[in-house]
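Notes to accompany the following structure.
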Amino acid sequence: MSLQHSVNSRNAETGPGNGATWIVTDGSVGMEAQGIAVAEAVGLPYSLKRVRMTGAMRLMPARLQIYVAPSRLLRSVTSSEPLAPPWPRLIISIGRRSVPIALALKSVAKASGLKVFGLHIQNPKVPKQRFDLIAAPLHDGYAGANVINTFGAVHSVTPKRLAEAAQSFAAKIEPLPRPRIAVLLGGDSAAFSFPPDLAASFGASLERAARDSGGSLLVTPSRRTSPEALRALVAPIGEVPHFVWDGTGENPYFAFLATADAIVTTEDSVNMVTEAAGTGKPVYVQRLKGGSTRLGRFHELMRERGATRPFAGKIESWSYAPINDTEVVASAIRRALGLETLG
């Protein structure tokens, strides 16, 4: 996932107005993680609705699908769970492909007499007033009366979650010497590539940082990390203490964040960098091949905030206020729904 870790939905039987949350996504793990983070912070039971447009409707741009009659549009949608009553109190949608489906669900619920609060995470690319609230990252330059600008991605890095994760992996991590350097790996995307030769040089720099500091490395790949890149990165670090997650069993992602003294993450993921910065620990960013103007603005803001620095093969120490705007978004939703007592 950034949130590379697995996430599970909490399902609840609720009647109209009882307070369930539906998270509507296209199944992207990183997007689901953001929706779950907000849902957990709001405090309502939630379920994941992994949706996909089918038939001729899938060929129509999302910005035009919002003008299709809701009942007609929903007939072209497949979902991992039923999109039927009892309707939720809150719908959280993430990503452009979920926009028309979330709006159609709101309309159908409204026709049955129930007002559903709609939050969209990221820029929906449709008129803002279609949603009750939008949480958009500051680096997108997207603003409005119903828009909350977040510093990076919303996430679920909390002291409680970190403490629980650290305890789960204590037997494997505690014997490793400090400073412990967590390494969060992304990989190939539309804007970036992570070839084996770059991974090998990155691994050599990590080995040098661990050796010079007398510390250890905690490495976790993501779904985008190719096996070839991971092997190339791991090869140079064999002589220093390390723990590399091999993809089996539970991902120690949160445990690494919890127990690390510094964190190094590749530049391709807003989620990973923001989650790392949610700890308040030094965060280093490793360049990949390629680039993105949008992510370039994000990284500039993170450096100005004092959270990140470019990775250059050595580890230093600095501090800043942990970055987590999830509660800001959740608090706004609770106020709107009259749920302040759940905060």
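General observations
- The convex hull drawn around the Cα atoms of the range 159-310, when projected onto a plane and averaged over every direction, covers 8.4 nm².
- Contact order relative to length of the range 159-310, as percent, for alpha carbon pairs under 8 angstrom and 6 or more apart: 29 percent
- 0 to 90° range, to nearest 10: angle between helix 99-111 axis and the chain longest Cα axis: 40 degrees
- Exceeding the 24 Å Cα-Cα cut-off - candidates K106/K160; K49/K125; K172/K281; K49/K115; K49/K172: K106/K160; K49/K172
- The charge dipole of the chain, taken about its Cα centre with unit charges on the Cβ of Lys, Arg, Asp and Glu (plus for the first two, minus for the last two), comes to roughly 1260 debye.
- The chain: angle of helix 326-337 to the longest principal axis, Cα-based, in degrees nearest 10: 20 degrees
- Loop sites in the range 275-343: chymotrypsin sites (Phe, Trp or Tyr not before Pro), DSSP, at most 15 other Cβ within 10 Å: W318, Y320
- Beta bridge orientation in the chain: antiparallel %, DSSP, nearest 5: 10 percent
- For L64, L133, order by how many other beta-carbon atoms lie within 10 Å, fewest first: L64, L133
- Just so you know, the averaged projected area of the alpha carbon convex hull for the chain sits at 17.3 nm².
- Of all beta bridges that DSSP places with both ends in the range 159-310, some 10 percent have antiparallel geometry.
- Computed helical MRE - 222 nm, the chain, DSSP H runs ≥ 4 contributing -39500 (n - 2.57), nearest 500: -10000 deg cm²/dmol
- The range 232-343: Cα Rg divided by the 2.2 N^0.38 Å rule of thumb: 1.28
- Helix axis angle, 293-305 relative to the chain longest principal axis, alpha carbon, degrees: 70 degrees
FYI, it's all coordinate maths here, none of it is from the lab. Note that the coordinates shown come from a computational prediction; the quantities given were computed from them, not determined experimentally. FYI the Cβ positions are ideal-geometry reconstructions off the backbone, even for glycines, and counts take in every protein chain you see.
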